[in-house]
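Read the structure below first, then the notes.
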Amino acid sequence: MKEKVFHMLYQPYKWLIFIPLYVLSTVFFIFLGIVIIFLSGPDAANRIAGRGWARFSCFITPIKVDVVGRANIIKHQSYVVVANHQSSFDIFVLWGFLGIDARWVMKKELRKVPLFGLAGKLGGNIFIDRSDKKGAYESLKEAGKILVNGVSLIMLAEGTRSRDGQLREFKKGAFVMSIDLGLPLLPVSIVDTKYILPAGSYDLFPGRATLVIHEPVSSEGYDEGNLDELILKVRGVIQEGIERYAKPRA
């Protein structure tokens, strides 16, 4: 009953304050990012504008993010970051609180979004056509050239948001890339963002989420023949993190 009352009271804030602030801040941080790219390069733009946009979006929601396992990240080590996908807010949680220089793998449709697509391209992020597996793989191989000196690549391994919160099957791209480039995988569990903004809805509501950074997983010794073993291993780690830190909804 209490949550229903809070939900009703939140609606005017969402439409009259959050959404205008979100739109204005998005435009501001995109322009800021483009300026920083030309002045200092994409690394600085992602750290300052990307992280600033993500944290500001969490602040105005508001959403509190708890981070577990930050010590598992080794400075200047590049990773293929593998995370689950519960909500659109996963982007804010990862970009704002993971604390590493990273590029994103995005679906090609986002390339056409005004300003966002331009900033994403200039920032070194990778747009792929998920219906063209060969083309997507070639794009990822080309992207591997920038994954040095601590620059990592974030991939949401389920490919799309889980509508029921249950972990879906993982796509192979992140794991193939890890093997080909000799980079460790960094499993990350995103917990309880499904309560902040459920997949397929506009039912935004404040809350708390947890970002669990697990120990890196080496892909050494894996190839096409035993790739599924690596996928299941990492998926199991992420699943364990979700189950361990998930909180029952009030």
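The values are calculated or read from the model by the stated rules, or taken from the named source; none is laboratory data. Please read these numbers as outputs of a predicted model, since none were measured by experiment. Using ideal geometry, Cβ is built from the backbone for each residue, glycine included, and neighbour counts are taken over all protein chains shown. Areas reflect the complete protein model, heavy atoms only, side chains present, ligands, DNA and RNA absent. Shrake-Rupley method; radii C 1.70, N 1.55, O 1.52, S 1.80 Å.
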Discussion item. Rounded, prolate or oblate for the range 13-113? Axes are the square roots of the Cα gyration tensor eigenvalues, ordered a ≥ b ≥ c, and the cut-off for rounded is a/c under 1.5.
Written reply: oblate
Worksheet item: Under 5 Å between amide H atoms, partner at least 5 residues away or on a different chain: which partners does Arg103 have, H built in plane at 1.01 Å?
Response: Ser152, Leu153, Ile154
Fill in: Pairs from Lys121/Lys233; Lys75/Lys107; Lys108/Lys172; Lys64/Lys172; Lys145/Lys233 whose Cα-Cα separation, in the structure shown, is over 22 Å
Lys121/Lys233; Lys75/Lys107; Lys64/Lys172; Lys145/Lys233
Worksheet item: Carbon and sulfur together cover what percent of the accessible area of the chain at a 1.4 Å probe radius?
Response: 60 percent
Item to complete: Using the heavy atoms of the protein chains and a 1.4 angstrom probe, tell me the accessible area per residue for the chain in square angstrom.
Response: 53 Å²
Worksheet entry | ³J(HN,Hα), Karplus 6.51/-1.76/1.60, whole Hz, each residue of the range 205-218, x for Gly, Pro | 7, x, x, 9, 10, 10, 10, 9, 9, 8, 5, x, 10, 6
Fill in: Loop chymotrypsin sites (Phe, Trp or Tyr not before Pro), the range 193-245, which have at most 13 other Cβ atoms in a 10 Å radius of their Cβ (DSSP)
Tyr202
Discussion item. Whole angstrom only: what separates the Cα centroid of the range 124-193 from the Cα centroid of the range 81-102?
Written reply: 12 Å
Worksheet item: What net charge do the residues around Glu169 carry, taking every other residue with its C-beta under 15 Å from that of Glu169, with Lys and Arg at +1 and Asp and Glu at -1?
Response: +4
Discussion item. I want to check the label-to-label distance for Lys141 and Gln11. Put each point 7 Å from Cα in the C-beta direction and report it in nm to one decimal.
Written reply: 5.3 nm
Worksheet item: Within the chain, what's the longest stretch lacking GluC sites (Glu not before Pro) that sit in DSSP loops with no more than 12 other Cβ atoms inside 10 Å?
Response: 1-168
Fill in: Residue-by-residue Karplus 3J(HN,Hα) for the range 2-18, coefficients 6.51, -1.76, 1.60, Hz, glycine and proline x
4, 5, 5, 5, 4, 4, 5, 5, 6, 4, x, 4, 4, 7, 9, 10, 4
Worksheet item: Between Tyr222 and residues 5 or more places away or on another chain, which pairs have amide H atoms under 5 Å apart, with H built 1.01 Å from N, and which residues are they?
Response: none
Item to complete: Rounded to whole Hz and in sequence order, give me ³J(HN,Hα) for the range 179-190 from the Karplus expression 6.51 cos²θ - 1.76 cosθ + 1.60, θ = phi - 60°, writing x for Gly and Pro.
Response: 5, 5, 8, x, 9, x, 8, 10, x, 9, 9, 9
Item to complete: Take the alpha carbon gyration tensor of the chain, find the square roots of its eigenvalues, order them as a ≥ b ≥ c, and report rounded if a/c is under 1.5; if not, report prolate when a/b exceeds b/c, else oblate.
Response: oblate
